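The values are calculated or read from the model by the stated rules, or taken from the named source; none is laboratory data. No experiment lies behind these values; they were computed from the predicted model shown. Methodologically, a virtual Cβ is constructed for each residue, glycine included, from the backbone with ideal geometry; neighbour enumeration extends over all protein chains shown.
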Amino acid sequence: MRAKVVLVARVNDLEAGFPSVAVEIKRNAITFPIVREGKEFMAKDLIGFYARYSGRIEGSDNPGRNVKPLGKDPATAYIRYLQIDQDFARIRSGLLPINVSTGTTPASNSLRDLRTLAAEFKSNLLVLGKKKSTIRMYSLAVDAFVKQCPKKTIDEVDRKDMLAHLSWMKENLVKRARGDQQHTFRNRLRNLSVFFNSYGVKNPLPMKDVKKPMRKRPTKYSLEIINKMLTAATEDEKDLIQFFLNTGFRDEEAAYAEWSWIDFKQGSINVHPNDNYGWTPKDGESREQDIVLGNKFIRRMKARRERRSGSDLIFPNEAGKPNMNLIKIVKKVAKRSRTVETPTSPITLHAFRRTFGTMVAKQYGIEQARIWLGHSDLATTQRYIAAEEMTTEQSREQVNEMFAGVGD
């Protein structure tokens, strides 16, 4: 079998010393956790990374097995591994190495290589402890751009490249874009700006040059629609609908919610990290204040806990893990209740959150809605909640009353 360069990590295993483990690479980045005999190791548990190969590189006199230290930082180690692997292949083909000049110093041009920096950027997100969804969001944007862009270094990227990528997105992401397509394009470009800025480069296509999408009116569920769905729902389905309606939780918050989050004695709930699945709330924070729950909802949750004992999760899937497809349950109920879904009135879990926020703002004020929704500023809540719908007759009555004191 043809020899190759292998990337390994030495892990700090108290029982086995400091064994070497082959590193798995996905999406051009080192994958964590690193697993050895069922044990998981994160970056903080490593002694360092190493490149292992047989043969001469960088003028080494040792034709046999070589182990080169790459440091402890995953991003830097991966870049050095790629350089060694590239040089290894060139030397085996009778060519000179291109990534080294004096034995250990990488050539300056390789440090600005677009694909290498993309891999480093994604590895840094992992090291910084970003959520999986955040890493995935940035990775999709960066990987698509790097694959489509013809330039080799980040400094060569210009406005024409960005416009070409925008055209590519419009042709290739139309069917896959969730929600407003223009929002999808702008989000991708915004993520690329973060990537460019990380390496001291301004995005050649400023966001102000890209058309802003029309701001849609926030949608919520009417009391009529909610009652229609509850009438058509099973007890388990009612639990889910009432949970979203009474807590205002985000999709993932509900999926990772555990029974311990509910204080049955006080009648309240809050969001907490779920260490069992390595999940943390948005911004890594719980709500400023526990969300107060109604007596009817508390009784429903107690009944569910008794009926579905055996899991710490409130809404596990069939495998007992967080259910990431809760929207499918709601859509089935909506279809069964003959609730019509339209582009302007889609069936979403977020609509329950807006309904919750709107109801709280009406009853207790917008500041309380901000706290229970988990927003950091009031402006977000103001853009978020939906205005109360009024019939034409109700509107006319309000307008007549408003101008009653005005003379002819």
- Query: In the list Leu230, Leu240, which residue meets the criterion of being under 30 Å from Ser309 (Cα atoms), in contact with a Lys or Arg (Cβ under 8 Å, 6 or more places away or on another chain) and at pLDDT 90 or above?
  - Reply: Leu230
- Index of the failed condition, Trp372 passing every other in (1) closer than 15 Å to Tyr221 by Cα; (2) crowded, with 19+ Cβ neighbours inside 10 Å: (1)
- Task: Give the residue, chosen from Leu163, Leu128, that is under 15 Å from the mean Cα position of the chain (by Cα) and either within 23 Å of Arg80 (Cβ to Cβ) or at pLDDT 90 or above (or both).
- Result: Leu128
- Task: Name, by its number, the condition in (1) modelled with pLDDT under 90; (2) surrounded by 16 or more Cβ atoms within 10 Å (Cβ to Cβ); (3) among the hydroxyl-bearing types (Ser, Thr, Tyr); (4) under 25 Å from the mean Cα position of the chain (by Cα) that does not hold for Thr380.
- Result: (2)
- Message: Looking at the structure I just gave you, is Leu192 assigned to a helix (DSSP H, G or I), outside the structural domain of Arg308 (by TED's automatic domain parsing) and either touching a helix residue (DSSP H, G or I) at 6+ places or on another chain (Cβ under 9 Å) or of a type in the set (Gly, Ala, Ser) (or both)?
- Response: yes
- Item | Hits in the stretch 300-322 - residues which are more than 25 Å from the chain's Cα centre (by Cα), under 20 Å from Thr234 (Cα atoms) and loosely packed, with under 11 Cβ neighbours inside 10 Å | Glu306, Arg307, Ser309
- Unmet requirement for Pro204, which otherwise passes all of (1) assigned by TED's automatic domain parsing to the domain that holds Asn325; (2) surrounded by 12 or more Cβ atoms within 10 Å (Cβ to Cβ): (1)
- Message: Residue under question is Lys147, and the condition is that it be over 30 Å from Thr219 (Cα atoms), of a type outside the set (Val, Ile, Thr), assigned to a helix (DSSP H, G or I) and modelled with pLDDT of 90 or more; does it hold?
- Response: yes
- Note on the structure: Quick count over the stretch 57-85, residues being at pLDDT 75 or above and surrounded by 15 or more Cβ atoms within 10 Å (Cβ to Cβ), is 16
- Task: Being small (Gly, Ala, Ser) and surrounded by 13 or more Cβ atoms within 10 Å (Cβ to Cβ) is the filter; apply it to the stretch 339-369 and report the residue that is farthest from Phe249 (Cα to Cα).
- Result: Ser345
- Item | Residue in the stretch 250-275 that is modelled with the lowest pLDDT, counting only those that are under 16 Å from Lys131 (Cβ atoms) and out of contact with any Leu (no Cβ under 9 Å at 6 or more places or on another chain) | Asp275
- Item | Hits in the stretch 328-347 (condition: touching a residue at least 24 places away in the same chain (Cβ under 8 Å) and under 23 Å from Ala369 (Cβ atoms)) | Val330, Ser345, Pro346
- Message: What are the pairs with Cβ atoms under 9 angstrom where one residue, in the stretch 235-262, is assigned by TED's automatic domain parsing to the domain that holds Ala303 and without any contact (Cβ under 8 Å) to a residue 24 or more places away in the chain and the other, located anywhere, is of a type in the set (Lys, Arg) and assigned to a loop (DSSP other than H, G, I, E, B)? Sequence gap at least six, or different chains.
- Response: none
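Inspect the stretch 7-22 for any residue being within 29 Å of Lys147 (Cβ to Cβ), modelled with pLDDT under 80, outside the structural domain of Ser139 (by TED's automatic domain parsing) and touching a Pro at 6+ places or on another chain (Cβ under 8 Å) and give the result as yes or no. Give the steps one after another, and end with the answer.
Step one: of the stretch 7-22, the residues within 29 Å of Lys147 (Cβ to Cβ) are 7-9, 22.
Subset that is modelled with pLDDT under 80: none.
Within the stretch 7-22 (the criterion being within 29 Å of Lys147 (Cβ to Cβ), modelled with pLDDT under 80, outside the structural domain of Ser139 (by TED's automatic domain parsing) and touching a Pro at 6+ places or on another chain (Cβ under 8 Å)), the answer is no, since none of the residues qualifies.
If you take the residues of the stretch 306-323 that are outside any loop (DSSP other than H, G, I, E, B) and free of Cβ contacts under 8 Å to residues at least 60 places away in the same chain, which of them is nearest to Ile262 (Cα to Cα)? Lay out the reasoning, then the answer.
Restricting attention to the stretch 306-323, the residues satisfying the condition of being outside any loop (DSSP other than H, G, I, E, B) are 306-307, 313, 316, 322.
Applying the additional criterion that residues be free of Cβ contacts under 8 Å to residues at least 60 places away in the same chain yields 306, 313, 316.
Numbers: Glu306: 14, Leu313: 11, Pro316: 16 Å.
Residue satisfying both the conditions and the ranking: Leu313.
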- Just one listed residue, out of Lys335, Lys362, Lys302, is more than 29 Å from Lys131 (Cβ to Cβ) and modelled with pLDDT of 95 or more, and it is Lys302
